[in-house]
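Below is one structure, written out as structure tokens; the observations come after it.
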Amino acid sequence: MRSTVLLRNAGSSGPSAALRERVRRPAYLNKLAHPDDLVGLFKNDDYIGWSGFTGVGYPKMTPTAIANHAEANNLQDHPDTKKRFNLFVGASVGPEVEDRWARMDMIARRYPHQVGKDVAKGINAGRIEFADKHLSMFPQDLTYGYYSLRKKHGDPRKPLDWAIVEATAITEEGYIVPGASVGATPEILQSAEKIIIEVNTKIPNLEGLHDINHSFVPPNRQPYLVVHPMDRIGLTAIPIDPDRVVAVVESREPDNTGKNAPENDQSRAIAGHLIEFLADEVSAGRLPKSLLPLQSGIGNVANSIIGGLADGPFDQVQVWTEVLQDTFIRFFDSGKLAFATATSIRFSPEGFDHFYANWEDYKDRLLLRSQQVANSPEIIRRLGVIAMNTPLEVDIYAHANSTNALGSRMLNGLGGSADFLRNAKLSIMHTPSVRPTKTDPTGISCIVPFASHIDQTEHDLDIIVTEQGLADLRGLSPRERAPVIIEKCAHPDYKDLLHDYYERALHECLARGAGHEPHMLRNAFKFHTNFMEHGTMKIKGWD
């Protein structure tokens, strides 16, 4: 049995009525703690896992207390007292905790995905060691011990020193009922030596919304017996060893989600092309009238696509995805979305208010799973998912860059896009054809000769779509793909330049017997170098 910390508030006010209702294992109430009482437990170089996915379901109280303590005592100013932690989260969390830790130089390592501006600054300045990873693979690699190979302290059987997770309830068995995300929380809890549970009584008890699986390591892994998005194969709460629970903290802090990215004319045009394409696939008999399960990324294009489907010709649509945004509420309310499963619900504050107020209308049409299941290549391929994601750039042969601007500057990380795009029946990448710079409204072409970093290869993608049009690449060779992508997807400001690049590259490479996928390496990144030097990708010509 692990010792319990000295609890400042247990002998005075005790647990609130709301907390007593949520925590159905009485022994856990004896571990009730104020977060300020816990900060001394965390040591420099600790390996810490948080719950959370896309800024939802993450711990707020304990990480904030750790930062407050470090700031109040100037711990980060002195090498002898400075604390830097190795942080593992299924995806991103709220900026008020993660970005604050980054600004205070409290993060030594971060895996496998983030969206915080200050975290990205720390990564690109060399202060934070970061490696992105396919989101389906991160939880299993954590349980394999891959991230703790160089860990010199703690229980060698446990990759993490700590798991700090948010719950909306605790069952009689001591199991954890998550909130609006699952992510990698089951594997983080499985991997942790010590556990702190933050029970959030601000949001409703979401018991019944989740389908939780235990993670096994080879040769004992089991198949995921899912043949329909509605299939349940697990428990409604996350099993844990109660002896590893060090403290329970009450939280009343909401998730800091903010507004969803607004739609615009570009995103609506992209959605229009894509919905027309899907309708043509139905007419051709390659898709059923209700389509196949949809996966949609995040951002304004994804919002426009889901909003367009709410007004579209398809009924009884199923969704198998990572994240649900506000337009999914409209999709549900239209009557066209029959069922959706994800690993996170990332609604705006107004969207969450509507969702919780109408919980009875949604609860039987929605299921949250762990990211290892939601992003499972096995299931994605079996269901024939239609995957739709947004890159930074796509080159003329359909290699896509989702992570590193100008080949070097990390933005967020790969996320789960490649889990879906490599295994989907239809793999679609959608992007504006151009983005603005400080001096040129069309200064960045998202269709380039050669992607400056490659996350998704030409072997993974079927469809490229911009507001200019849609390129169907199925069955095409590289030499056939390039003219189609340029003609259908490139912005008029860059179309002639790209055609000229391809034609010159083709002529040169055929002449030397290297014409399968023609490039002029001396010019391949000229769009990018011109942007770095002149603030635009609009070059005068090729060498």
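The values are calculated or read from the model by the stated rules, or taken from the named source; none is laboratory data. None of these values were measured; they are calculated from a predicted model. Neighbour counts are summed over all protein chains in view; Cβ atoms, including those assigned to glycine, are modelled from backbone coordinates with ideal geometry. Surface areas here come from the heavy atoms of the whole protein model, side chains and all, with no ligands, DNA or RNA. Shrake-Rupley method; radii C 1.70, N 1.55, O 1.52, S 1.80 Å.
Annotations for the structure displayed:
- Amide hydrogen proximity for ASP46: with H placed 1.01 Å from N in the peptide plane, the residues at 5 or more positions away or on another chain lying under 5 Å are ASN86.
- Positive-end ranking of ALA65, GLY307, PRO441 along the dipole of the chain, with charges on Cβ about the Cα centre, is headed by ALA65.
- These residues, LYS289, LYS425, LYS540, go from largest to smallest accessible area, 1.4 Å probe, as LYS540, LYS289, LYS425.
- With the charge dipole of the chain set up from +1 on Lys and Arg Cβ and -1 on Asp and Glu Cβ about the Cα centre, the Cα lying farthest toward the positive end among the listed residues ILE275, ALA514, TYR28 is that of TYR28.
- Farthest toward the positive end of the dipole of the chain, out of LEU206, ASN375, LEU189, is the Cα of LEU189, where the dipole comes from beta carbon charges about the Cα centre.
- The shape of segment 412-489 can be summarised by an equivalent ellipsoid whose semi-axes, obtained from the alpha carbon gyration tensor, come to 22, 17, 11 Å from longest to shortest.
- Violating pairs (Cα-Cα greater than 30 angstrom) within the set LYS121/LYS540; LYS259/LYS336; LYS488/LYS538: LYS121/LYS540
- Rg(Cα) / (2.2 N^0.38 Å) computed for segment 362-470, rounded to two decimals: 1.18
- Accessible area in square angstrom per residue, the chain, 1.4 angstrom probe: 39
- Heavy atoms of TRP542 accessible to a 1.4 Å probe, total area in Å² rounded to 10: 20
- Evaluating kT/(6 pi eta Rh) at 10 °C and 1.306 mPa s, with the Kirkwood radius of segment 54-101 over Cα pairs in the Stokes-Einstein relation, gives 136 µm² s⁻¹.
- For segment 209-280, the list of chymotrypsin sites (Phe, Trp or Tyr not before Pro) that fall in a loop by DSSP and count at most 13 other C-beta atoms within 10 angstrom reads PHE216.
- Taking 15 Å as the straight-line reach from the Cα of LYS363, the aspartates and glutamates in range (excluding those fewer than 8 positions away in the same chain) are GLU207, ASP211, ASP231, ASP333, ASP353.
- Here the spin labels are modelled as points 7 Å beyond Cα on the Cα-Cβ line, and at ILE233 and ALA514 they lie 4.6 nm apart.
- Comparing Cα centroids, segment 519-543 and segment 362-437 end up 27 angstrom apart.
- Neighbours of ALA180 by Cβ distance under 11 Å: Lys/Arg scored +1, Asp/Glu scored -1, total -1.
- Degrees, to the nearest 10: 265-283 long Cα axis against longest axis of the chain: 80
- About the centre of its Cα atoms, segment 385-543 shows a dipole size close to 180 debye [charges on the beta carbon of Lys, Arg (+1) and Asp, Glu (-1) only; nearest 20 debye].
- HN-Hα J in Hz across segment 170-176 - Karplus 6.51, -1.76, 1.60, θ = phi - 60°, x for Gly and Pro: 10, 7, 4, 7, x, 6, 9
- Calculated P(r) of segment 456-543 - Cα pairs past 24 Å, %: 23
- Packing order of peptides 366-379, 333-346, 400-413, highest average first: 366-379, 333-346, 400-413 (average count of other Cβ atoms within 10 Å over each peptide's residues).
- Calculated FRET value between ALA338 and LEU29, using beta carbons and R₀ = 35 Å, to 0.05: 0.30
- Enclosed volume per residue, in Å³, of the convex hull spanned by Cα atoms of segment 172-282: 189
- Contact order, relative form, for the chain: 13 percent (alpha carbon pairs under 8 Å, 6 or more residues apart, mean separation divided by residue count).
- Shape class of segment 111-158 from the Cα gyration tensor (axes a ≥ b ≥ c, square roots of the eigenvalues): oblate, since a/c reaches 1.5 or more and a/b does not exceed b/c.
- Portion, in percent, of the accessible area of the chain that falls on carbon or sulfur, probe 1.4 Å: 51
- DSSP beta bridges in segment 315-464 [antiparallel fraction, %, rounded to 5]: 30
- Seen through its C-alpha gyration tensor, with square-root eigenvalues sorted a ≥ b ≥ c, segment 331-414 comes out prolate because a/c lies at 1.5 or above while a/b is bigger than b/c.
- Pairwise Cα distances in the chain exceed 30 Å in 51 percent of cases.
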